[in-house]
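Have a look at the structure below before the remarks.
The values are calculated or read from the model by the stated rules, or taken from the named source; none is laboratory data. This one's a predicted model, so the numbers in the text were calculated from it and none came from an experiment. Cβ placement follows ideal geometry from the backbone for every residue including glycine, while neighbour counts extend to all protein chains displayed.
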Amino acid sequence: MPDKQVPTQKHSSNQVDKPNVPDYVQPIVAPCRTIPYSAPFKWLAKGWVDLKHVPKISLTYGLVMMLISVLITFLAYQAHSIVLAIALTAGFFFMGPIIAIGLYSLSRQINHTVEPQFLRCWREGKKNLGNELVLSFMFLIVFLVWARAASMLHIFFPSIMKAEDWLLFLGVGTLVGAIFAAIIFCVGAFSIPMLMDRKVDTVTAVVTSINAVLKNKLTMLIWGLLIVLLVLIGIVTFYLGFIVLLPLVGHATWHAYKDTIDADAWELGPGLGDENKI
């Protein structure tokens, strides 16, 4: 009895096996909303509500920042160098977005009706350590380039400067510093809160932040000027104002991120579920 032949299915020579590709691929940049010019003042108001919600932790953060500022000033005074004072202070504030991670975490917990806890802030920070280190390294590079550019200004000025020389020196130095500060502002305005809030990579967070700032130029300019104004008030009050003003800016920055960035396409980060309670 002849063997039955099993019919074989012929494949076209030009048929190619396609890899399994997910139906949905997350974009490289999160969409951003158009924010009204009055939004920065609302962010400060919301930040004030958060500060009153967790006054002890927030004011402790502000106190630590004030003491660091005093230490920087003391070291510069001991070295008899105003340039060192400017460099150290600028470096401190260049790293401000990274330093304020704990405040973003507190506002995030409040926003999701989770009882705010300092240990939870620490725990979230550890889970995002890799991305935070990448951003810290980026900020450090920008600061070192700025410090090098600032030190080179001395080449164009005499060793003993008159009043008009000092004014020109400070004017040029401020302009150079403003350029680098703008870079840090664009990169850090929304990237760190987004890394804290969502399971997202550093590149996506940074590109999203830059895109949102550029699409809301005037509003973000107002926000940046408000931050500068609050910092100047803190300096004029011999750093005492930092105890309240720096936590206020940190909490407000979280609300700026929530109002501006639509990050719903990414899964929520850790620190909010029942399994993460401490």
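Key figures for this structure:
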{"item": "Residue that is in contact with a Leu (Cβ under 6 Å, 6 or more places away or on another chain) and assigned to a helix (DSSP H, G or I), where the choices are A205, A182", "result": "A205"}
{"item": "Residue count for segment 183-200, restricted to those that are over 19 Å from G102 (Cβ atoms) and either without any contact (Cβ under 8 Å) to a residue 24 or more places away in the chain or charged (D, E, K, R) (or both)", "result": "1"}
{"item": "Failed criterion for R148 (all others in (1) more than 19 Å from the chain's Cα centre (by Cα); (2) assigned to a loop (DSSP other than H, G, I, E, B) hold)", "result": "(2)"}
{"item": "Single residue of segment 28-84 satisfying the filter (among the charged types (D, E, K, R) and part of a helix (DSSP H, G or I)) that is surrounded by the fewest Cβ atoms within 10 Å (Cβ to Cβ)", "result": "K56"}
{"item": "Close pairs (7 angstrom Cβ cut-off, 6 or more residues apart or separate chains): modelled with pLDDT of 95 or more in segment 38-66, of a type in the set (S, T, Y) and surrounded by 14 or more Cβ atoms within 10 Å (Cβ to Cβ) anywhere", "result": "A39/T219; P40/T219; D50/S107; L51/S58"}
{"item": "Evaluation of A256 against (1) under 15 Å from K52 (Cβ atoms); (2) within 13 Å of the chain's Cα centre (by Cα) (one fails), failing number", "result": "(1)"}
{"item": "Whichever residue in segment 228-243 is part of a helix (DSSP H, G or I) and in contact with a helix residue (DSSP H, G or I) (Cβ under 6 Å, 6 or more places away or on another chain) and, among such residues, is nearest to A189 (Cα to Cα)", "result": "L230"}
{"item": "Filter result (touching a residue at least 60 places away in the same chain (Cβ under 8 Å) and buried (at least 17 other Cβ atoms within 10 Å of the Cβ)) within segment 208-219", "result": "T208, N211, A212, N216, T219"}
{"item": "Per-region count, segment 187-228, residues among the basic types (K, R) and at pLDDT below 95", "result": "2"}
{"item": "W223 being surrounded by 13 or more Cβ atoms within 10 Å (Cβ to Cβ) and among the aromatic types (F, W, Y)", "result": "yes"}
